[in-house]
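Before any comments, here is the structure.
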Amino acid sequence: MSGNSAALMPPADAVAPIRHPDAPAPGELLGEHYRQCFGCGGEQPHGLHLAARAGEGVSLTAEFTVQSAHQGAPGLAHGGLLATALDETLGSLNWLLRTIAVTGRLETDFVRPVPVDTVLHLEAEVTAVSGRKIYSRATGRIGGPEGPVAVRAQALFIEVKVDHFIDHGRPQEIEAVMDDPDQVRRARAFEVNP
């Protein structure tokens with residue numbers, strides 16, 4: 001990664017991340033964290049529909065197919081959309097920690113263009129934890145896990161309480177989620193967001 005900012009470097013007293021004992025098993029599909037999420041939600045017709053799988057330790061893999069609705073320049077994925085895919089992937093890592101966290105900082109390197117109809121394969125891992133700060137990184141490759149690198153990112157997530165979402169979210173959506181009888185779906189809805 002080039003040009004890393006000091007804010008994305010874990011402090012000397014940071015510790016290695018510890019996978020929560022109730023985290024999904026390696027290879028398990030994480031599923032959508034919220035049906036309306038642009039990154040992973042099934043109810044977003046032009047969303048990424050990003051599918052993430054738990055990996056070993058505090059890591060995961062994910063993929064999505066770049067659709068024509070995701071274009072920036074003709075025939076190429078919009079850079080902001082690629083940053084969204086990285087943010088969604090990095091944010092999903094927090095489910096392996098069983099921590100509610102929001103993106104504090106995301107630094108993205110765009111290495112090569114990503115054409116429409118390309119499957120982007122992403123790998124992500126938490127690298128360190130320091131208090132409420134969670135440090136992570138991800139790489140996106142074109143066409144397969146061994147394909148050429150197209151995008152990379154490092155991120156800082158900040159642990160928050162569910163009140164963060166209740167205080168700042170739109171009341172009707174918050175109420176609908178809180179009324180959901182599925183406890184896992186209710187907890188995952190508040191997994192990541194700024």
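The values are calculated or read from the model by the stated rules, or taken from the named source; none is laboratory data. On a predicted model such as this, the values are computed, not experimentally measured, just so you know. Ideal geometry is used to build each Cβ from the backbone, glycine not excepted, and the neighbour counts take in all protein chains shown. To get the accessible areas, we keep the full protein, side chains included, count just its heavy atoms, and leave off ligands, DNA and RNA. Shrake-Rupley method; radii C 1.70, N 1.55, O 1.52, S 1.80 Å.
Out of Q67, Q71, Q44, Q36, I need the residue that is open to solvent by 40 Å² or more (accessible area, probe 1.4 Å) and in contact with a Cys (Cβ under 9 Å, 6 or more places away or on another chain). Which one?
None of the others qualify; the one that does is Q44.
Mind checking whether some residue in the stretch 109-130 is assigned to a loop (DSSP other than H, G, I, E, B), under 30 Å from P21 (Cβ atoms) and not hydroxyl-bearing (S, T, Y)?
no
Hey, among the residues in the stretch 7-19 that are open to solvent by less than 60 Å² (accessible area, probe 1.4 Å) and part of a loop (DSSP other than H, G, I, E, B), which one's nearest to A153 (Cα to Cα)?
Among them, the one singled out is P10.
Which condition number does T103 fail, the rest of (1) over 10 Å from the mean Cα position of the chain (by Cα); (2) closer than 19 Å to V58 by Cβ; (3) modelled with pLDDT under 95 being met?
(1)
Looking at R35, R53, R19, which is the one that is basic (K, R), in contact with a strand residue (DSSP E or B) (Cβ under 6 Å, 6 or more places away or on another chain) and either modelled with pLDDT of 95 or more or within 27 Å of D117 (Cβ to Cβ) (or both)?
R53
Kindly establish whether E63 is touching a residue at least 12 places away in the same chain (Cβ under 8 Å) and part of a loop (DSSP other than H, G, I, E, B).
So E63 fails the test.
Quick one: how many residues across the stretch 108-153 are open to solvent by less than 30 Å² (accessible area, probe 1.4 Å) and under 13 Å from the mean Cα position of the chain (by Cα)?
Going through the stretch 108-153 one residue at a time, the tally reaches 9.
Would a scan of the stretch 80-94 turn up a residue that is farther than 19 Å from L8 by Cα and open to solvent by 50 Å² or more (accessible area, probe 1.4 Å)?
No; the residues of the stretch 80-94 include none that is farther than 19 Å from L8 by Cα and open to solvent by 50 Å² or more (accessible area, probe 1.4 Å).
Which number in (1) crowded, with 16+ Cβ neighbours inside 10 Å; (2) without any contact (Cβ under 8 Å) to a residue 60 or more places away in the chain; (3) among the polar types (S, T, N, Q) marks the one condition that T99 misses?
Result: T99 fails condition (2) only.
Looking at the stretch 131-147 only, could you name the residues that are farther than 15 Å from T99 by Cβ and either of a type in the set (K, R) or assigned to a strand (DSSP E or B) (or both)?
Result: R137, A138, T139, G140, R141, I142.
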